[in-house]
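The values are calculated or read from the model by the stated rules, or taken from the named source; none is laboratory data. Bear in mind the structure is a predicted one, so any value in this text is a computation, not a measurement. Positions of Cβ are backbone-derived with ideal geometry, glycine not excepted, and every protein chain shown enters the neighbour counts.
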Amino acid sequence: MKPRILLIGSTGQVGHELASMLPRIGELVVPDRTAFDLSRPSDIAQIIQDAQPRIIVNAAAYTAVDLAEKEPEKARAINTDAPAAMAVAAAELNALLVHYSTDYVFDGSKESPYAEDDPTNPLNVYGQTKLDGEIAIRNSGSRHLILRTAWVYATRGKNFLLTILRLASQREELRIVSDQFGAPTWAREIARATSSMLERHAATAAGDTPPTGTFHVTAGGTTNWHAFATAILEEAAKLPSANPWLNAALSGGSIVAKRISPISTVDYPTPARRPAYSVLSNERLTQNYRLQLPEWRDQLKAALGSI
């Protein structure tokens, strides 16, 4: 019998992709986002109790990193308190909770890819609320998969990919930070990896449970924001000029940017501090689930080739 899966946050970048993949694994339940408030634990508990899921996937998050510095209470409600309530409800039902976290739980002082057990030290409110959400889930006693990812983008929503294309249609020069390193990860690849993990959990007999805990799920390779922006415009230039998606991303205009100039973090101050190094090791994911996401440049090509 296929498991019932409750997906929270189906309108986000990863949630949107999950909504089309998870029905292959089980009976998908997607609550009306207007029917409950993520900042109210009682609403969350009721939604979960009504659905009686075997798997809960939380793809909802407060992701406005800079705004979180001004709205710490709102960020905490969604990134810490809501997952905590989900974990308690999951434990009561013996359901598996899947929750997404971030590279921003680390301070970026390391010079090699972060492992799941490396010391955490968030530099900003967003990262702290996501870390506190992780801790609450672990302390709940629920079965869980905490999937840390990084530099997430998609061909919809609000993200670096779409921002670069928009700016490239407005300015001849783009000035992009070149001293922050990470692995840009396509939302669809995160959803695919999640689905593969859940297929194992759905198919496994009781008493033979696949590994749970914290896993890093990011693209292979390393780059910086400047190089990523350069790659975006290079790949976009290969798309047909009449491509409807590209036309929409450029607001009906064309790419006028002639230069992408590298700048340092100090030249682009933001309310929230960012880690200088955000590369995550996916070795645990590969060892336990035999999953390895494609290199970041290959993901970008696939993302733009899918539209």
What residue, among those in the stretch 114-131 that are touching a residue at least 60 places away in the same chain (Cβ under 8 Å) and polar (S, T, N, Q), is surrounded by the fewest Cβ atoms within 10 Å (Cβ to Cβ)? Asn124
Matching residues, the stretch 189-203, being basic (Lys, Arg) and either at pLDDT 95 or above or under 14 Å from Leu7 (Cβ atoms) (or both): Arg192
Some residue of the stretch 277-290 being buried (at least 17 other Cβ atoms within 10 Å of the Cβ) and more than 26 Å from His144 (Cβ to Cβ): yes
Scanning the stretch 132-153 for residues that are over 14 Å from the mean Cα position of the chain (by Cα) and in a strand (DSSP E or B), the one surrounded by the fewest Cβ atoms within 10 Å (Cβ to Cβ) turns out to be Arg143
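Each row is one residue, and each column tells you yes or no for (1) under 17 Å from the mean Cα position of the chain (by Cα); (2) surrounded by fewer than 19 Cβ atoms within 10 Å (Cβ to Cβ).
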| residue | (1), (2) |
| --- | --- |
| Asp179 | no, yes |
| Arg188 | yes, no |
| Ala193 | yes, no |
| Ser196 | yes, yes |
| Asp208 | no, yes |
| Pro211 | no, yes |
| Ala219 | yes, no |
Considering each of Arg175, Arg166 in turn, give the residue that is assigned to a helix (DSSP H, G or I), at pLDDT 95 or above and closer than 30 Å to Pro244 by Cβ. Arg166
Hand me the list of helices (runs of 4 or more DSSP H) wholly inside the stretch 237-307 holding 2 or more residues that are under 22 Å from Thr194 (Cα atoms). 283-289, 296-305
I'm told Thr34 meets every condition in (1) free of Cβ contacts under 8 Å to residues at least 60 places away in the same chain; (2) closer than 22 Å to Ala84 by Cβ except one. Can you identify the failing condition by its number? (2)
Residue within the stretch 110-117 that is acidic (Asp, Glu), more than 29 Å from Ala202 (Cα to Cα) and out of contact with any Lys or Arg (no Cβ under 8 Å at 6 or more places or on another chain) present: yes
Looking at the structure I just gave you, is Ala227 surrounded by 18 or more Cβ atoms within 10 Å (Cβ to Cβ), at negative phi, modelled with pLDDT under 95 and within 22 Å of the chain's Cα centre (by Cα)? no
